[in-house]
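Q: A single structure is presented below for examination.
The values are calculated or read from the model by the stated rules, or taken from the named source; none is laboratory data. Worth saying up front: this structure is predicted, and the values here are computed from it rather than measured. Only protein heavy atoms, including side chains, enter the accessible area calculation; ligands, DNA and RNA are left aside. Shrake-Rupley method; radii C 1.70, N 1.55, O 1.52, S 1.80 Å.
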Amino acid sequence: CQDLNGVLHEFGSKWRDADCYDCSCSSNGIGCCSSFTTPVGYDEKKCVSIFNKTTCTYKVVEKDNPSKECPVYEWVG
């Protein structure tokens with residue numbers, strides 16, 4: 001299988017790409033899905049979500065005080 005970056009992968013192989021998607025290669029081709037959940041239930045006027053590509057996680061913090069986390073009531077992924 002050849003991924004979007006032109007890298008070849010063997011049948012049966014699995015990997016996580018640079019955008020935090022878990023991928024696998026089979027005789028049917030490449031399949032990928034997100035390895036993370038996305039926050040959707042939080043106060044978007046007061047808070048902002050920040051994605052960390054190193055840990056493949058989101059953190060939701062106050063816009064005016066990024067050291068303070070905001071509660072998240074719903075995640076999708």
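Q: Give me the percent of accessible area attributable to carbon and sulfur for the chain, probe 1.4 angstrom.
A: Values: 2830 of 5700 Å².
Here it works out to 50 percent.
Q: Also: In square angstrom, what is the accessible area per residue of the chain with a 1.4 angstrom probe? Could the numbers behind the result be given before it?
A: Numbers: 5700 Å² over 77 residues.
Result: 74 Å² of accessible area for each residue.
Q: Report the accessible area of Ser49, computed with a 1.4 Å probe over the heavy atoms of all protein chains in place, in Å² rounded to the nearest 10.
A: 40
Q: Largest first and in whole Å, give the semi-axes of the chain's equivalent ellipsoid, each being the square root of 5 times a Cα gyration tensor eigenvalue.
A: Details: eigenvalues 232, 28, 13 Å².
Working from the Cα gyration tensor, I get semi-axes of 34, 12, 8 Å.
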